[in-house]
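Inspection log for the structure reproduced underneath, given as structure tokens.
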Amino acid sequence: MYAALRSIGAYVPPHCVSNKDLESKIDTTDEWIVRRTGIKTRYFASDSETSSSLGVRAARQAIERAHIATSAIDLVIVGTLAPDYINMPSTACLIAAELGIHDVPAFDIAAACSGFIYLLSVAKAYIESGMAKCVLIVGAEKASSVLDPNDRGTYILFGDGAGAAIITPTQHKDESILDVHISADGKYADCLYTPRQTLQNGANQCMQMRGNEVFKLAVSKLTEEVGTILARNNMSASDIDYFVPHQANYRIIKAVGEHLNFTPEQTVLTVHRYGNTSAASIPMAINCLYEEGKLAHGNRLLLDALGGGLTWGSAIVHFAGT
Ligand code: UT7
């Protein structure tokens with residue numbers, strides 16, 4: 001028994017914020033942001049939207065495209081760094097209830113920007129062990145709700161959005177989630193975190209990031225991570241149809257891609273449009289491929305991500321479709 005990625009869905013809130021818009025709010029320039037990150041625009045959710053409301057929209061699309069009844073879903077898992085509530089109820093409980101899914105397990109995973117790889121890992125384990133038959137996974141991020149509008153290191157980088165997928169069993173390895181690897185090391189916890197109290201240095205409860213350290217760790221860890229998952233599956237970059245990295249910063253994507261010989265044609269880029277949408281970035285990028293008509297049954301995707309924790313991981317996933 002294998003696990004298969006049946007469908008993908010995404011939602012982007014309508015309010016587009018350009019780098020020029022940010023110039024009037026913080027000490028930055030369009031030129032700096034484009035040169036150092038590749039980002040041109042991002043989307044911010046309205047006051048009435050939450051991570052769960054964004055996630056519900058993405059989930060509805062994934063459910064519709066999988067041609068399944070909502071009642072078939074027997075597990076809901078959500079990755080988010082901006083949950084609607086601090087600890088409870090989980091954003092997964094809220095999304096499940098809004099979709100009319102009751103009496104099935106629902107929980108969140110706190111793996112920040114690596115959230116979607118962690119979700120795939122858990123969904124795969126549940127399906128392959130027979131503990132679930134139809135899993136809804138959602139990366140849902142109202143990241144703007146945890147950003148400090150005065151911190152130019154983070155405010156320019158993140159955007160809001162959601163992505164979702166339906167995972168079901170298959171007998172066919174060539175349409176399966178072939179391999180997922182996840183890892184973490186809390187010794188880097190202070191590189192990227194959201195404090196619960198105002199810190200002694202006056203920093204607030206918003207996201208704190210030592211961007212340049214995270215940048216360097218991302219390039220080195222992800223290069224090693226992707227090299228390892230390719231090697232243990234006896235593959236090289238040429239065996240992959242699409243390299244779909246977490247969209248944190250164009251320079252990270254380019255550095256890792258070049259180390260591992262992915263061509264620009266293979267590499268999926270959305271960071272210029274959406275910024276860094278954390279756990280939503282990979283499913284949003286897969287959704288772009290899908291909506292551009294580029295995704296066929298059995299296409300092989302290589303995913304990678306690194307985020308707060310630090311957490312990181314990679315996956316080799318065939319797109320199964322329906
Ligand atoms: O997705 C989860 C994990 N997160 C990431 O992967 C993010 C990784 N980090 C990054 O993407 C980059 O480190 C940033 C985009 C956050 C920052 O870029 P950088 O090239 O690492 O810049 P830096 O922090 O080393 O700062 C270089 C200079 C500094 O000025 P001085 O000290 O050289 O005068 C900063 O104050 O750039 C300045 N700077 C800015 N200038 C204009 C920092 N942010 C900005 C800004 N606009 N927004």
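The values are calculated or read from the model by the stated rules, or taken from the named source; none is laboratory data. Values in this document were obtained by computation on a predicted structure and should not be read as measured data. Glycine also receives a Cβ, built like all others from the backbone with ideal geometry; neighbour counts cover every protein chain displayed. All accessible areas refer to the heavy atoms of the entire protein, side chains included, with ligands and DNA or RNA removed. Shrake-Rupley method; radii C 1.70, N 1.55, O 1.52, S 1.80 Å.
Pairs of Cα atoms under 8 Å, at least six residues apart: use those to get the relative contact order of the chain, whole percent. Mind dumping the intermediate values first?
Working: 804 pairs, mean separation 87.1, N = 322.
Contact order relative to length: 27 percent.
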Protein accessible area in the chain, 1.4 Å probe - carbon and sulfur %: 49 percent
With just the Cα atoms of region 187-322, tell me how far they stretch along each of the three principal axes, in Å, largest first. 53, 30, 23
Taking θ = phi - 60°, what integer Hz values does the Karplus form 6.51 cos²θ - 1.76 cosθ + 1.60 yield along region 9-25, in sequence order, with x for Gly and Pro? x, 8, 9, 10, x, x, 7, 8, 10, 8, 4, 4, 4, 6, 4, 7, 9
Within region 100-170, which trypsin sites (Lys or Arg not before Pro) sit in a loop by DSSP and count at most 16 neighbouring Cβ atoms inside 10 Å? Lys133
Starting from the Cα of Lys133, draw a straight line to each of the lysines and keep only those under 25 Å, dropping any in the same chain fewer than 8 residues away. Lys124, Lys173
Check which residues have an amide H placed less than 5 Å from Thr267's amide H, if you skip close sequence neighbours. Phe243
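Which shape class applies to region 204-262: rounded if a/c is under 1.5, otherwise prolate when a/b exceeds b/c and oblate if not, where a ≥ b ≥ c are the square roots of the Cα gyration tensor eigenvalues? Kindly include the intermediate steps, with their values, before the conclusion.
Details: a/c = 2.62, a/b = 2.34, b/c = 1.12.
Because a/c hits 1.5 or more and a/b exceeds b/c, region 204-262 counts as prolate.
Does region 91-140 classify as rounded, prolate or oblate by the C-alpha gyration tensor (a ≥ b ≥ c root eigenvalues; a/c under 1.5 gives rounded; else a/b over b/c gives prolate, otherwise oblate)?
Cα axes put region 91-140 in the oblate bin.
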Using a 1.4 Å probe on the protein heavy atoms only, what accessible surface does Tyr2 show? Give it in Å² to the nearest 10. 80 Å²
Can you tell me which of Glu213, Glu141, Glu292 moves the most in a GNM of the chain? Springs connect C-alpha atoms under 10 Å apart. Glu292
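With charges only on Cβ, +1 for K and R and -1 for D and E, what is the dipole size of the chain about its Cα centre, in debye, rounded to 20? Before the final figure, lay out the partial values.
Working: 26 positive and 33 negative charges, 54 e Å.
In debye, rounded to 20, the chain gives about 260.
Tell me, what is the per residue accessible area of the chain in Å², probe radius 1.4 Å?
Values: 13510 Å² over 322 residues.
Accessible area per residue: 42 Å².
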Taking N as its residue count, the alpha carbon Rg of the chain over 2.2 N^0.38 Å: 0.93
